[in-house]
Amino acid sequence: MEEKIVVTGGKPLQGKIKVSNAKNAVLPILIASLLGDGESKILDVPHLTDVDTTCSVLQHLGQEVARQNGHIMIRTVEPTSFEAPYQYVRRMRASFLLLGPLLARYGRAKIPLPGGCAIGSRPINLHLKGLEALGAKVNLEHGHVEANCRRLKGAQIYLDFPSVGATENLMMAASLAKGQTIIENAAEEPEIVDLANYLNAMGARVKGAGTPIIKIEGVKELLGTTHTPIPDRIEAGSYMVAAAATKSDLTIENVIAEHLKPVISKLKEMGVQVDEHESSLRIRPGEEELKAVDIKTLPYPGFPTDMQAQMMALNCICKGTGVVTETVFENRFMHVDELKRMGAKIKVESRSAIIEGVKNLSGAPVKATDLRAGAALIIAALSTEASTEIGALEHIDRGYDNIVGKLQEVGASIERIG
């Protein structure tokens, strides 16, 4: 029997909910451990299937991986394999980040073309173009990327699009390249900064992370280190929206408010009260009915595509009409049909969804179509007094650490069955 999450909504959330550390920071950091001699210790790692998959890939390559009290220890040794197996890479796009570290340190790598959520094509040509500029010979055939080199050499690389994955891959590769690498039009996400901080703690010389121009002075070797990843801004944003949808007074802990500026701004525009503290946010209902807003997703520091589905769910129960425009991924409206099953009024035109607010959504059996769509359906279910069954939980398990347990602790009627 398929596992399901069953939600009976209509209850306000109250108390405090603690955000786990960021999945999108942890995965590249675990992979970057390949670059360093000795042991790396990554602290407070969330329990997610994507983390399990990354650890399995590292173990397949011959690395020693141990988990203890929420921490992950990785001792790097000469790889027994330079090929990531398709069974792992098809589950998780971040596996493609192995290319940079394996090439930089060992001069060879073979990676299947990646998978992950089916939210649109995320081309790897930027990764490959950058690695070729660093001196790698890249061959793409039979669904694999095979690359080799003697030692990578620094280069000036311009990214046609500020791709997070390409920026991370090239930053890791350039850390052990000979000479200076300059990445222009680099992604600016907080997770890029976190990876740079980890690399620098290992002995790398990375400057400018978090800006469009990153400069990396290659070094001969890196050493294992201890690092605590940043809090998960998307998990935090999801709980903020859940609080708004349920008219709750909820405090969200382990948060860097600076990373959530576009989400905070949109919630305030809707009429939600947001109080910012040093490492927490308090979400409170406003005086008036929430009003619909327009949202356009953009690379950081714009509104995050990973918060689009959750905000759409909230727009469904706001007064008026809101337009959500998705500019990052072309297939990220799969949750629309599921929300419509719950009574939402949404019309999709090309890359925009027009949402006409309704007073209440209704319960229905629905499926998570991707990771963030899963969170959106939980938010929609919490807002309605009816009972909702959500299936396809494998998507939610990829990116939300104990979401059911955390919501139960703040008063939600939610359980996992099956």
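All of the numbers you see were taken from the coordinates with simple rules; none came from a lab. It should be emphasised that the depicted structure is a prediction, and the values quoted were computed from it without experimental measurement. As a convention, Cβ positions derive from the backbone with ideal geometry for all residues, glycine included, and neighbour counts pool all protein chains shown.
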Report summary line: Rounded to the nearest 0.05, FRET efficiency between E64 and E2 (Cβ-Cβ, R0 30 Å) equals 0.25
Report summary line: FRET efficiency for E289 and R150 from the Cβ-Cβ distance with R0 = 56 Å, rounded to 0.05, comes out at 0.30
Report task. With runs of 4+ DSSP H residues as the only contributors, calculate the mean residue ellipticity of the chain at 222 nm using -39,500 (n - 2.57) per run, divided by the residue total and rounded to the nearest 500. Result -> -9000 deg cm²/dmol
Query raised in the report: Scaled to the compact-protein estimate 2.2 N^0.38 Å, what is the alpha-carbon radius of gyration of the range 21-140, rounded to two decimal places?
Result: 1.03
Requested in this report: Which order do the peptides 374-387, 224-237, 398-411, 67-80 take when ranked by the mean count of other beta-carbon atoms within 10 Å per residue, highest first?
Outcome: 374-387, 224-237, 398-411, 67-80
Query - Dipole magnitude of the chain, debye to nearest 20 (Cβ charges: Lys/Arg +1, Asp/Glu -1, about Cα centre) - result: 620 debye
Requested in this report: Show which lysines lie in cross-link reach of K23 when reach means a straight Cα distance below 18 angstrom and same-chain residues fewer than eight apart are skipped.
Outcome: K41, K406
Report task. Would you mind classifying the range 23-227 by shape? Square roots of the alpha carbon gyration tensor eigenvalues, ordered a ≥ b ≥ c; an a/c under 1.5 is rounded, otherwise it is prolate if a/b is larger than b/c and oblate if not. Result -> rounded
**Report entry** Sequence of S350, S279, S163, S238 once ranked by neighbouring C-beta atoms within 10 Å, starting from the fewest
**Finding:** S350, S279, S163, S238
**Report entry** Difference of contour (0.36 nm per residue) and Cα-Cα distance, N139 to E221
**Finding:** 26.8 nm
Requested in this report: Measure off 7 Å from each Cα along the Cα-to-Cβ vector at N360 and V323, then give the distance between these two points in nanometres to one decimal.
Outcome: 3.2 nm
Report summary line: From fewest to most C-beta neighbours within 10 Å, the residues F329, F161 line up as F161, F329
Report task. List, in the order given, every pair from K16/K359; K291/K347; K129/K207 whose Cα-Cα distance in the structure shown is over 24 Å. Result -> K16/K359
Query raised in the report: Can you give the extra length, in nm with one decimal, that the chain gains between S81 and E184 once fully stretched, where that is 0.36 nm per residue apart less the Cα-Cα distance?
Result: 33.8 nm
Requested in this report: Kindly put M307, M312 in sequence by how many other C-beta atoms sit within 10 Å of each C-beta, fewest to most.
Outcome: M307, M312
